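Structure first, commentary second.
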Amino acid sequence: MAGKFELWTDKGGDWRFNLKASNGQVIATSQGYASKASALNGIASVKTNAPDAEVVEIE
């Protein structure tokens, strides 16, 4: 089973999403978005931009 995005509204009314691994562990959490459409755009951005994202170690 592949990972999944979960989309919800928080107590303040902002839209947020989690990216969960196939074992149910949260591996990424979004910022708050003012609209559902903006949150969906954030998900699309992660899907598009993350496959080749560089790993940078900060010391």
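Things worth noting here:
- Count of residues meeting criterion [in contact with a helix residue (DSSP H, G or I) (Cβ under 6 Å, 6 or more places away or on another chain) and not polar (S, T, N, Q)] in the range 17-59: 2
- Look at the range 34-48: where a residue is charged (D, E, K, R) and a partner is surrounded by fewer than 15 Cβ atoms within 10 Å (Cβ to Cβ) and not in a helix (DSSP H, G or I), sitting 6+ places away or on another chain with Cβ atoms under 9 Å, you get 36/9.
- Residues in the range 1-42 that are among the aliphatic types (A, V, I, L, M), loosely packed, with under 15 Cβ neighbours inside 10 Å and either part of a strand (DSSP E or B) or modelled with pLDDT of 95 or more (or both): 26, 27, 28, 34, 37.
- Pairs with Cβ under 9 Å, 6+ apart, first in the range 5-26 and more than 14 Å from residue 46 (Cα to Cα) and in contact (Cβ under 8 Å) with a residue 12 or more places away in the chain, second surrounded by 10 or more Cβ atoms within 10 Å (Cβ to Cβ) and hydroxyl-bearing (Ser, Thr, Tyr): 14/33; 15/9; 15/30; 15/33; 15/35; 15/38
- Condition met for residue 58 (under 14 Å from the mean Cα position of the chain (by Cα) and outside any strand (DSSP E or B)): no
- Scan of the range 43-52 for residues that are within 18 Å of residue 2 (Cβ to Cβ) and in a loop (DSSP other than H, G, I, E, B), ordered by number: 50, 51
The values are calculated or read from the model by the stated rules, or taken from the named source; none is laboratory data. Since the structure is predicted, the reported quantities are computational estimates derived from the model, not experimental observations. No Cβ is skipped: glycine too gets one built from the backbone with ideal geometry, and neighbour counts run over all protein chains shown.
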